[in-house]
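Worksheet for the structure shown next.
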Amino acid sequence: MPDSTPPRTLRIAMNGVTGRMGYRQHLVRSILPIRDAGGLLLPDGSRVQVEPILVGRNAAKLAELAAQHGIAEWSTDAAAVIADPSVDIYFDAQVTSRRAEALAAAMKAGKHVFTEKPTAETLTEAVELARVAANAGVTAGVVHDKLYLPGLVKLRRLVDEGFFGRILSLRGEFGYWVFEGDGQPAQRPSWNYRAEDGGGIVVDMFCHWNYVLEGLLGKVEAVTAKATTHIPTRWDEQGKPYDATADDAAYGIFEMADGVVAQINSSWAVRVYRDELVEFQIDGTHGSAVAGLRKCVAQHRSHTPKPVWNPDLPVTEPFREQWLEVPANADLDNGFKLQWEEFLADVVNERPHRYGLLSAARGVQLAELGLRSSAEGRRIEIPEVTL
């Protein structure tokens, strides 16, 4: 007989939903589908419903979004929303410079928190957030969306099944051409290219690479990086030129346990000649695999061709045709939505989320040490982060 018990409702304050990621991935593709499906079905057969409260600084935009999506509440007073005892969860997708203060206030008010990254501008702040979460006894989660995406789920499955044999290396390519803003509008906001506003590709992407590497291969033990600003002048949203003071490209070498070496290029000044905007290749003694956000292909050593270097003859090997696609073997939903569902279940069951604020602190640490490596021109070992 179906359970007629009304679902528990979790009220979620969503700060930063007027931004691209907060709106598209977290509101439209995660929370609203859960709401419109009648809530999240839990393993015990019960349901938990979600009720978003939109928070931000632009009242007109918030009112427009609320009306468009049938959302009853919105506010420009984040402090009042955080203090509201009826609010269960605080979500943050603001600019990085505003995040740490808001997260700390929410946790001290007894709210569970789910947040984009970086969680803070410095490692000290990021570790302090993890300490606040531990003292407050709340469930705290950090968006590690890429680990939930089909391509990386398949890649992780190959790791778990021992497909690679002894893993040797990982290579990653991320990026695309972000227009300067003079001829065509830029695809990213201008603050991304101003260091004084928290911009920079190292700060933005190294926190991602840290959790991707941890999720696939283990903790990063040392970093050697070169960060640079290839495009020194860009044009802002008003069409005015400004100095790009933040790095727009970074080239990193990340050393892992057992001699595994990861090398990842990140750039907003590169044109794409690959299947997806980000791709990772793992090579091992028994096989190799290449994964994007959705697709993953693999080549076992028994199917590996034997090319011979001869620059005097045209290439005859159909290299791309010699890889086999890895099947999903399951329906894999939007990665952001999947992690939201996992986080909500953790909140209901009063248990820690597997990707907490200390994992986010390690991402901030990797960004800090990557910038330091670039500035000092040397390899830097990475110490353990603890409370």
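The values are calculated or read from the model by the stated rules, or taken from the named source; none is laboratory data. All values derive from a computational prediction rather than experimental measurement. Methodologically, a virtual Cβ is constructed for each residue, glycine included, from the backbone with ideal geometry; neighbour enumeration extends over all protein chains shown. Ligands, DNA and RNA are excluded from the accessible area calculation, which covers all protein heavy atoms including side chains. Shrake-Rupley method; radii C 1.70, N 1.55, O 1.52, S 1.80 Å.
For the peptides 302-315, 273-286, 244-257, the ranking by mean Cβ contacts within 10 Å, running from highest to lowest, is 244-257, 273-286, 302-315. Subtracting the Cα-Cα distance of A222 and E276 from their residue separation scaled by 0.36 nm leaves 16.7 nm.
Label sites at T285 and E342, each approximated as a point 7 angstrom past Cα along Cα to Cβ, lie 3.1 nm apart. From its DSSP helices (H runs of at least four residues, each -39,500 (n - 2.57)), the chain gives a residue-normalised ellipticity at 222 nm of -9000 deg cm²/dmol. Using a simple spin-label model with pseudo-atoms 7 Å out from Cα toward Cβ, W177 and D44 lie 5.6 nm apart. Between 0 and 90 degrees, the angle of helix 96-108 with respect to the longest Cα principal axis of the chain falls at about 50 degrees. When a 1.4 Å probe is rolled over the protein heavy atoms, the share of accessible surface on segment 246-387 that falls to carbon and sulfur comes to 53 percent. For segment 216-336, the relative contact order comes to 15 percent (Cα pairs under 8 Å, sequence separation of at least 6).
Rounded to the nearest 20, the Cβ-based charge dipole of the chain about its Cα centre (Lys and Arg +1, Asp and Glu -1) stands at 260 debye. Name the shape class, rounded, prolate or oblate, that the alpha-carbon gyration tensor gives for segment 234-300, where a ≥ b ≥ c are the square roots of its eigenvalues, rounded holds for a/c under 1.5, and otherwise prolate holds if a/b is larger than b/c and oblate otherwise. It is oblate, given that a/c is not under 1.5 and a/b is not larger than b/c.
In a simple Cβ point-charge model (Lys, Arg +1; Asp, Glu -1; nothing else charged), segment 7-116 has a dipole of about 220 debye relative to its Cα centre. The C-alpha atoms of the chain define a longest principal axis, and helix 59-69 lies at about 80 degrees to it. Only beta bridges with both residues in segment 25-143 are counted; by DSSP, about 15 percent of them are antiparallel.
Here are labelled values, (1) 0.97; (2) 0.92; (3) 1.05, and one is the computed Cα Rg over 2.2 N^0.38 Å for what I pasted. Which one? Answer label, from the structure shown: (3). Sequentially through segment 196-208, phi angles give Karplus couplings (6.51, -1.76, 1.60; θ = phi - 60°) of 5, 9, x, x, x, 6, 5, 4, 6, 9, 5, 5, 5 Hz, Gly and Pro residues having no value and appearing as x. Spatial offset of segment 9-39 relative to segment 325-368 amounts to 16 Å, using the alpha carbon center of each.
Solvent exposure of T224, expressed as accessible area, is near 50 Å², computed with a probe of 1.4 Å over the protein chains only. Helix 335-348 and the long axis of the chain differ in direction by around 50°, with both axes built from C-alpha atoms.
Entry comment: accessible area of the chain is 48 Å² per residue, from protein heavy atoms only and a probe of 1.4 Å. When the square roots of the Cα gyration tensor eigenvalues are ordered a ≥ b ≥ c, the ratio a/c for segment 1-153 is under 1.5, which makes its shape rounded.
Rounded to the nearest 20 debye, the dipole size of segment 252-335 about its Cα centre is 160 debye, using +1 on the Cβ of Lys and Arg and -1 on the Cβ of Asp and Glu.
Within the accessible area of segment 1-135, the carbon and sulfur atoms contribute 51%, probe 1.4 Å, all protein chains present. Distance between the modelled labels on L313 and D160, one decimal in nanometres: 4.4 nm (7 Å Cα→Cβ projection). Given a Förster radius of 35 Å and the C-beta distance between M21 and H300 as r, what FRET efficiency does 1/(1 + (r/R0)^6) yield to the nearest 0.05? Calculated value: 0.40.
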